[in-house]
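Inspection log for the structure reproduced underneath, given as structure tokens.
The values are calculated or read from the model by the stated rules, or taken from the named source; none is laboratory data. It should be emphasised that the depicted structure is a prediction, and the values quoted were computed from it without experimental measurement. Virtual Cβ from ideal backbone geometry, glycine too; neighbours counted across all protein chains shown.
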Amino acid sequence: MKLELHIWRQAGPNESGKFEKYEAKNLDPHMSVPEMLDQLNTQIIKSGGDPVAFESDCREGICGQCGFAINGDIHSPHPGTTTCQTHLRSFKDGDKLFLEPFRAKAFPIKKDLVIDRSAFDRIIEAGGYIGVNTGQASEANTTLIEHDLAENAFDAAACIGCGACVATCKNASASLFTSAKISHLSLLPQGKPEAQTRVKNMVAQMDTEGFGACSFTGACEVICPQDISISNIVAMNKRWRKAL
Amino acid sequence: MLDAKIPDGPIEEKWAKYKASAKLINPANRRKYKIVVVGTGLAGSSSAASLAELGFDVEVFTFHDSARRAHSVAAQGGVNAAKDYKNDGDSVWRMFYDTLKGGDFRAREANVYRLAECSMSLIDQAVAQGVPFAREYSGYLRNRSFGGVQVSRTFYARGQTGQQLLLGAYQSLMRQKSQGNLRLNTRHEMLDVITEEGKTKGVTVRNLDTGAISSHACDALIIASGGYGKIYYLSTLAMNCNATAIWRAHRKGAFMAAPSWTQFHPTSLPQLGSYQSKLTLMSESLRNDGRIWVPKSPDEKRPPGDIPENDRDYYLERRYPAFGNLAPRDISSRAAKERIDAGCGVGPMKNAVYLDFKDALERDGKPEIKNRYGNLFEMYRKITGMDAYEEPMMIAPSAHFSMGGLWVDYGLMSNLSGLFVLGEANFSDHGANRLGANSLLQACVDGYFIAPHTVMDFLANTEPTAKNPGENWTALAAASEKKLEEHLGKLLATKGNTTAEEFHKELGKTLYQKCGLSRNRSDMEEAHTELLRLQERFSTDLLISGKAGGINFELEKASRVEDYLEMALLIVADALQREESCGAHFREEYQTADGEALRNDEEFQYVSVWEHTGKNEHKFHKEPLHFEFAEVKERSYK
């Protein structure tokens, strides 16, 4: 199959960018989107051009490295799917695809489709952990955690930190990302002692980074590759109010 | 010359004895020592966080854009520990023996025992960090079984155990960063080790965003850069996994051990076309409930659901009735290859076998199977577009885990003084084949529980110099930087016609065919010639676009492929010298009448160790393996 690609090209963070058109031919419908770009880049390199910079590592939807918008869909036309798990069989022969980076003030573009998501690391740094040093833990089965609670904590913990929630949000809010980590840790008995300082510090850092506020459109929940629920945001807001 | 420095005494007391006699540094003096950590996977993050907690000055480098993206994140099935919560006869001794036997008696007894001994503390540690392991309705931790053992000692967090353990380690790392106890440099790749009078005294790194090259002094260096299975190009590993950090350390004098021991995972997805960049792993835990089979007849044309029981060959259950579908990975992979080579493979390229959940679905119902493996079935659907609740999965063996790596002693220090190697990057605990759910364990145990003691013991005998490295160091660092800049410039200036990725694909193809799941002398001799030719072509025909400054992914790839090309020759040499079959290393010339690996304990009960003496030149050493406590037996799963 073939596709007409319009790809966002931007040389650096402070340069201006624009879409450039490429004809991608001899594609296999079972190729993943990054594999299509691998093939395109080989062609570009051989004709003396600068290959499209994009990131992807595990290519199985778990590392959170990949991701760009395809025709305005964050990651993929399929909800709950990362870019690397999107295959060309999702498109029709001859389709036009516009590929552009996740856009948010707090995610500056580094080059082409590559963005800087270090703001997420700084939110975790602000309190997204349980303060236990190595070697201090007591026997694991002394703390019983009921099955459903552990499952709920896992649902929130499954976040891969890809940033799709921010990219799809009209406010570029990081509320889904931040609230998922808060739920994961604060639901568990081990994480309760720090629950109040955690929510205050993480929310403050989220604001400092320049992410917008949440207006509950629910777009993030739809697009999230790990199906993280916006009920985490409700819980975060409740915890935050209590912590004030 | 090769002294593993194993403490004497009974095996149960060795580690306690080591810890009791290890030297300590008082808290006020620890901050005078600087430790550099390369890699932020489980081993890197856990060791960096633990050493920073102790008060050492820690600086961390990772080529990822965030520490959380390291490839530990992709491990699915679980982590082993001898807790014996199931009351099914598990113990440290049994776990030690299972691991040693799983590795076909080609690992060090003392290391393996310590791994089993520390496994219980790791579960405690991970739970305390908030890792959401699976629970029973009573609230107790839940276990399942894994290949190569007859007890249930695997702890898991759905099919994302690696991700959850890594998040625990990453969060500990970020906590130390927030307290100012360590510095974290993302998008920095280690390209050289600086040695001064035979001691490891620093690293030279490249900033992958700007291209800037800089050197950093240290009193001890920890390399935890993961495995090199990606050398086969098609593998279960992430695209950027590489051997560069360990290979550069090797070139600077660190010995490489058993590089040819690569495990092929039996439950990966098969290759579908030449465009393919990786093979996705499906967790081995699926083998708890899935049954593996192929049609009996190579001419079978019916869809799997229409093939009656009589025409199916459940070859693992047939050949290994005691372990059945839970036979260890090397054995399962080879058995699959045997059937595929016999023409009984399934799928469009006839390169796969079925993994069938029909019986489990009938027995336990869809909700329960979904509860156990839901995300894996979903992943399978996303990749293949097929529904495994309705039809069997198709799976195939794929390059996966590196049992080989840099040689280390009992304290995880290489022969280069001050260089510690942790996790998959070292050769240590798995022998010639790793058991499932032991790699997360080893990476964590190395980082949380071993390195903090052994690195401190080493530093206690070392004068701290990194804070004030002196003129000689500065000159060495400048020379290292200059050499790297010139070399990268040379790669960029080659201006040939073949991209780094095309070279990598050719390299992978040669290795798969001639030094893969099974090997023989004549194939490997051909591989040696082909690889030399490929290396030669690389030096004249490489094509990289762009320049050294700024983001240049092609330059990153080319420099890693160049190291892989050198390493591949050593892999072949290593597989050639070992004239026996053991674990994942299957030499076709050495097999039993019924096709099982034929070990030769009299001549090959050693770890092969290679010293770099020049480009493509090595000196061979042996570390003999002594079994004082476990009885060495023929490895049978029948």
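Looking only at residues in the range A:121-175 that are assigned to a loop (DSSP other than H, G, I, E, B), more than 10 Å from chain B (Cβ to nearest Cβ) and in contact with a helix residue (DSSP H, G or I) (Cβ under 8 Å, 6 or more places away or on another chain), the one that is surrounded by the fewest Cβ atoms within 10 Å (Cβ to Cβ) is A:Lys170. Under the condition of being more than 14 Å from chain A (Cβ to nearest Cβ) and farther than 15 Å from B:Leu570 by Cα, the residues counted in the range B:497-511 number 1. In summary, B:Ser121 fulfils each of the numbered conditions (1) in a helix (DSSP H, G or I); (2) surrounded by fewer than 21 Cβ atoms within 10 Å (Cβ to Cβ); (3) more than 9 Å from every other protein chain (Cβ to nearest Cβ); (4) of a type outside the set (Asp, Glu) with the single exception of condition (3).
Results for (1) at pLDDT below 95; (2) touching a Ser or Thr at 6+ places or on another chain (Cβ under 9 Å), shown as yes or no for each residue.
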{"site": "B:Gly418", "(1), (2)": "no, yes"}
{"site": "B:His430", "(1), (2)": "no, yes"}
{"site": "B:Gly436", "(1), (2)": "yes, yes"}
{"site": "B:Ser439", "(1), (2)": "no, yes"}
{"site": "B:Asp446", "(1), (2)": "no, yes"}
{"site": "B:Ala451", "(1), (2)": "no, yes"}
{"site": "B:Val455", "(1), (2)": "no, yes"}
{"site": "B:Leu459", "(1), (2)": "no, no"}
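For B:Ala107, indicate whether it is farther than 26 Å from B:Glu136 by Cβ, away from chain A (no Cβ under 14 Å) and of a type outside the set (D, E, K, R). Before the answer, list the steps.
Details: farther than 26 Å from B:Glu136 by Cβ: yes; away from chain A (no Cβ under 14 Å): yes; of a type outside the set (D, E, K, R): yes.
Yes, satisfied.
The set of residues in the range B:1-36 being touching a helix residue (DSSP H, G or I) at 6+ places or on another chain (Cβ under 7 Å), under 19 Å from B:Arg108 (Cα atoms) and among the aliphatic types (A, V, I, L, M) consists of B:Ile6, B:Ile11. Would you call A:Phe107 aromatic (Phe, Trp, Tyr), over 13 Å from A:Val33 (Cα atoms) and either in the same structural domain as A:Trp8 (by TED's automatic domain parsing) or within 12 Å of the chain's Cα centre (by Cα) (or both)? Taking the combined requirement at face value, the residue satisfies it.
Among the residues of the range A:107-117, the ones that are within 7 Å of chain B (Cβ to nearest Cβ) and either farther than 20 Å from B:Gly549 by Cβ or basic (Lys, Arg) (or both) come to 3 in all. If the condition is being farther than 19 Å from B:Ala110 by Cβ and of a type in the set (Gly, Ala, Ser), then the range B:82-100 contributes only B:Gly89.
Condition first: buried (at least 22 other Cβ atoms within 10 Å of the Cβ) and within 14 Å of another protein chain (Cβ to nearest Cβ). Can you find one or more residues in the range B:398-414 that meet it? Yes, there is a match, as at least one residue in the range B:398-414 is buried (at least 22 other Cβ atoms within 10 Å of the Cβ) and within 14 Å of another protein chain (Cβ to nearest Cβ). Take the conditions (1) away from chain B (no Cβ under 12 Å); (2) of a type outside the set (Val, Ile, Thr); (3) part of a loop (DSSP other than H, G, I, E, B); A:Gly80 misses just one of them, which is (1).
Here the range B:263-276 is the region considered, the condition is being among the small types (Gly, Ala, Ser) and without any contact (Cβ under 8 Å) to a residue 40 or more places away in the chain, and the residue that is farthest from B:Gly347 (Cα to Cα) is B:Ser274.
For B:Gly211, the requirement of being surrounded by fewer than 21 Cβ atoms within 10 Å (Cβ to Cβ), closer than 30 Å to A:Asp116 by Cα and within 14 Å of another protein chain (Cβ to nearest Cβ) is met. Looking only at the range B:340-392, which residues are exposed (fewer than 13 other Cβ atoms within 10 Å of the Cβ), farther than 23 Å from B:Ser518 by Cα and among the small types (Gly, Ala, Ser)? B:Gly365, B:Gly385, listed by residue number.
Here is a check on your reading of the model: is A:Ser183 modelled with pLDDT of 95 or more, surrounded by 16 or more Cβ atoms within 10 Å (Cβ to Cβ), more than 10 Å from every other protein chain (Cβ to nearest Cβ) and within 30 Å of B:Asn80 (Cβ to Cβ)?
For A:Ser183, the condition - modelled with pLDDT of 95 or more, surrounded by 16 or more Cβ atoms within 10 Å (Cβ to Cβ), more than 10 Å from every other protein chain (Cβ to nearest Cβ) and within 30 Å of B:Asn80 (Cβ to Cβ) - is met.
Screening A:Gln43, A:Gln85 for residues that are within 27 Å of B:Lys230 (Cα to Cα), more than 15 Å from the chain's Cα centre (by Cα) and not hydrophobic (A, V, I, L, M, F, W, C) leaves exactly one candidate, A:Gln43. Of all residues in the range B:552-601, those being free of Cβ contacts under 8 Å to residues at least 40 places away in the same chain and under 19 Å from the mean Cα position of the chain (by Cα) number 0. Restricted to the range A:37-67, and to residues there that are more than 9 Å from every other protein chain (Cβ to nearest Cβ) and buried (at least 24 other Cβ atoms within 10 Å of the Cβ), the residue that is farthest from A:Cys159 (Cα to Cα) is A:Leu37.
Looking at B:Val151, B:Val131, B:Val92, just one residue is surrounded by 24 or more Cβ atoms within 10 Å (Cβ to Cβ), in contact (Cβ under 8 Å) with a residue 12 or more places away in the chain and more than 25 Å from B:His585 (Cβ to Cβ), and that residue is B:Val131.
Residue-wise test of (1) of a type outside the set (A, V, I, L, M, F, W, C); (2) part of a loop (DSSP other than H, G, I, E, B).
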position	(1), (2)
B:Ile551	no, yes
B:Glu554	yes, no
B:Ser559	yes, no
B:Met567	no, no
B:Glu602	yes, no
B:Trp610	no, no
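Give the residue that is nearest to the other protein chains (Cβ to nearest Cβ), with candidates limited to residues of the range B:59-87 that are of a type in the set (Gly, Ala, Ser) and not in a loop (DSSP other than H, G, I, E, B).
Step by step, filter the range B:59-87, then rank; the result is B:Ala74.
In summary, A:Ala11 fulfils each of the numbered conditions (1) modelled with pLDDT of 95 or more; (2) facing another protein chain (nearest Cβ under 7 Å); (3) part of a loop (DSSP other than H, G, I, E, B) with the single exception of condition (2).
Checking each residue in the range A:85-100 for being within 13 Å of chain B (Cβ to nearest Cβ) and either surrounded by fewer than 18 Cβ atoms within 10 Å (Cβ to Cβ) or under 14 Å from A:Gly163 (Cβ atoms) (or both) picks out A:Arg89, A:Ser90. Scanning the range B:303-316 turns up at least one residue that is touching a Lys or Arg at 6+ places or on another chain (Cβ under 7 Å), closer than 26 Å to B:Asn433 by Cβ and not in a strand (DSSP E or B).
Listed here are the residues, each with its yes/no results for (1) touching a strand residue (DSSP E or B) at 6+ places or on another chain (Cβ under 8 Å); (2) more than 12 Å from chain A (Cβ to nearest Cβ); (3) not in a loop (DSSP other than H, G, I, E, B).
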site: B:Gly89; (1), (2), (3): no, yes, no
site: B:Pro132; (1), (2), (3): no, no, no
site: B:Gln164; (1), (2), (3): no, no, yes
site: B:Tyr170; (1), (2), (3): no, no, yes
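Counting only strands (runs of 3 or more DSSP E) that fall entirely inside the range B:333-433 and contain at least 3 residues that are farther than 30 Å from B:Cys218 by Cβ, the qualifying elements are B:353-356, B:393-402. Residues in the range B:26-53 that are assigned to a helix (DSSP H, G or I) and surrounded by fewer than 22 Cβ atoms within 10 Å (Cβ to Cβ): 5 in all.
Can you tell me which residues in the range B:243-299 are outside any helix (DSSP H, G or I) and closer than 30 Å to B:Ala477 by Cβ? B:Ala243, B:Lys252, B:Gly253, B:Ala254, B:Phe255, B:Met256, B:Ala257, B:Pro259 - these are the residues of the range B:243-299 that are outside any helix (DSSP H, G or I) and closer than 30 Å to B:Ala477 by Cβ.
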